[in-house]
């Protein structure tokens, strides 16, 4: 029987005006609260039309009530779902009434992600699936939504479980060699532990590649447009976005602050930041914009340095200084691409340098090649479509497991190999993989993960 924790309540739909609003309760005493609210026993898993009344018998709203007895519910506990009209005021009144009815059971407002956390703690889902729920809610593209749905279904978790079971078996064989030395049986050689471990390593590396692609789908790439005033940064942003998101004029210094727009190319989110033109100025407002430009460069995954092709094909001294400063300001090795804009206004010779691109934001010339480059910098491989929507911690765990298995193979390969050390490396690899599904994870990290969820989930 699943443990029933203290009851919680939350609005499960977004705040604001809507046709339908959903309130969800879960935990100990929910059955009794349901009886007090509806005045009779609800048939499990059936939607029942209810007139929700306050303690004075005044009508709050009319809607549906559904009772899900644990463990056959989302959280594994008794769950009550109230579906009403999406009035903020009406939902607030109903929430308050439920809290009054649940006082004797210490009914309280749920913390962010607490419903899903309970589902995890009660064994309804593993941690990777729990994170997939949050990723599905936050998905900014169809590709991200599909990948999150796959992880939610358990595709990612199943692969990790296969690795774990295989490692457990190989650890048992390795440790058997240590436990029964008098038998003179080399279990490692007899059961081909070395080559089976190599196969696990290969499969983990393949999953890691898929996870890295999934990370791109989830997080995308932050691209910062920099350059002197009036080189066409805002025009390029509009061209990439496919709509007029930035003001464009012939007046230098029109863009005085950062403007961020997220676009999608082949389902990959690209966060484009248009910045103030970099120049010496006494305008205090423009100076603030320039300061923010440099802050954006610090956080960039890619910098596009725009130059005006109509002024000639030689990089000016001013632009060369800007390139050097970008390299100094960037906190990591951020790639820089030189974008020669306004090629429709001149006959500029185009070099085959892969760091230089020639475009016309006005006519669209060269934009397709630039978009391909943006995806290439992101590390996107089209053949990997529909991969695992992985998080940074998943990739780190896979990398950690890969490292330990490589070390274990190295130890087994040596002439005077240490079976004990090899077994320990396998254990550490198993531990790293277990972090993905939550079988081995500190409580403080769990709290951090679920705190990023929305309240009603």
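Given the criteria buried (at least 20 other Cβ atoms within 10 Å of the Cβ) and at pLDDT 75 or above, does residue 165 qualify? Give the steps one after another, and end with the answer.
Values: buried (at least 20 other Cβ atoms within 10 Å of the Cβ): no; at pLDDT 75 or above: yes.
No, not satisfied.
All but one of (1) over 18 Å from the mean Cα position of the chain (by Cα); (2) within 16 Å of residue 10 (Cβ to Cβ) hold for residue 113, so report the exception by its number.
Just one mismatch for residue 113, condition (1).
Residue 444 is checked against (1) surrounded by fewer than 16 Cβ atoms within 10 Å (Cβ to Cβ); (2) in the same structural domain as residue 265 (by TED's automatic domain parsing); (3) modelled with pLDDT under 85 and fails just one. What number does that condition carry?
Looking at each condition in turn, residue 444 falls short on (2).
For residues in the stretch 74-109 being in contact with a helix residue (DSSP H, G or I) (Cβ under 7 Å, 6 or more places away or on another chain) and free of Cβ contacts under 8 Å to residues at least 60 places away in the same chain, which is nearest to residue 48 (Cα to Cα)?
The qualifying residue nearest to residue 48 (Cα to Cα) is 80.
What is the one condition in (1) modelled with pLDDT of 75 or more; (2) over 24 Å from the mean Cα position of the chain (by Cα) that residue 353 does not satisfy?
The failed condition is (1).
Give the stretch 115-124 a look and list any residue that's out of contact with any helix residue (DSSP H, G or I) (no Cβ under 7 Å at 6 or more places or on another chain), assigned to a helix (DSSP H, G or I) and in contact (Cβ under 8 Å) with a residue 60 or more places away in the chain, or say none.
115, 118
Just to verify a result, which residue in the stretch 125-138, among those that are touching a residue at least 40 places away in the same chain (Cβ under 8 Å) and under 15 Å from residue 454 (Cβ atoms), is surrounded by the most Cβ atoms within 10 Å (Cβ to Cβ)?
In this case the residue turns out to be 131.
Within the stretch 203-226, is even one residue part of a helix (DSSP H, G or I), at pLDDT 80 or above, buried (at least 19 other Cβ atoms within 10 Å of the Cβ) and in contact with a strand residue (DSSP E or B) (Cβ under 6 Å, 6 or more places away or on another chain)?
There is no residue in the stretch 203-226 that is part of a helix (DSSP H, G or I), at pLDDT 80 or above, buried (at least 19 other Cβ atoms within 10 Å of the Cβ) and in contact with a strand residue (DSSP E or B) (Cβ under 6 Å, 6 or more places away or on another chain).
Take the stretch 143-156 and flag every residue that is modelled with pLDDT of 85 or more and surrounded by 20 or more Cβ atoms within 10 Å (Cβ to Cβ).
The one that is modelled with pLDDT of 85 or more and surrounded by 20 or more Cβ atoms within 10 Å (Cβ to Cβ): 156.
One residue is enough: does the stretch 381-391 have a residue meeting the conditions surrounded by fewer than 16 Cβ atoms within 10 Å (Cβ to Cβ), assigned to a helix (DSSP H, G or I) and at pLDDT 75 or above?
Taking every residue of the stretch 381-391 in turn, none turns out to be surrounded by fewer than 16 Cβ atoms within 10 Å (Cβ to Cβ), assigned to a helix (DSSP H, G or I) and at pLDDT 75 or above.
Is it the case that the stretch 232-247 has a residue that's under 30 Å from residue 318 (Cα atoms), at pLDDT below 85 and loosely packed, with under 14 Cβ neighbours inside 10 Å?
Yes; the residues of the stretch 232-247 include at least one that is under 30 Å from residue 318 (Cα atoms), at pLDDT below 85 and loosely packed, with under 14 Cβ neighbours inside 10 Å.
Looking at the stretch 55-73 only, could you name the residues that are farther than 17 Å from residue 40 by Cβ and touching a helix residue (DSSP H, G or I) at 6+ places or on another chain (Cβ under 7 Å)?
Across the stretch 55-73, the qualifying residues are 55, 60, 61.
Out of the residues in the stretch 357-374 that are over 16 Å from residue 270 (Cα atoms) and not in a loop (DSSP other than H, G, I, E, B), which is farthest from the chain's Cα centre (by Cα)? If you could, list the steps in order and put the result at the bottom.
Going residue by residue through the stretch 357-374, those that are over 16 Å from residue 270 (Cα atoms) are 357-366.
Of the ones still in play, those that are also not in a loop (DSSP other than H, G, I, E, B) are 357-358.
On the way: 357: 31, 358: 33 Å.
Of everything passing the filter in the stretch 357-374, 358 is farthest from the chain's Cα centre (by Cα).
Could you say whether any residue in the stretch 53-71 is loosely packed, with under 14 Cβ neighbours inside 10 Å, at pLDDT 90 or above and under 35 Å from the mean Cα position of the chain (by Cα)?
no
Residues of the stretch 33-52 being loosely packed, with under 11 Cβ neighbours inside 10 Å and closer than 13 Å to residue 82 by Cα, which ones?
46, 49
The values are calculated or read from the model by the stated rules, or taken from the named source; none is laboratory data. Not measured: the values here are computed from a predicted model. With ideal geometry, Cβ positions are generated from the backbone for all residues, glycine too; neighbour counts draw on all protein chains shown.
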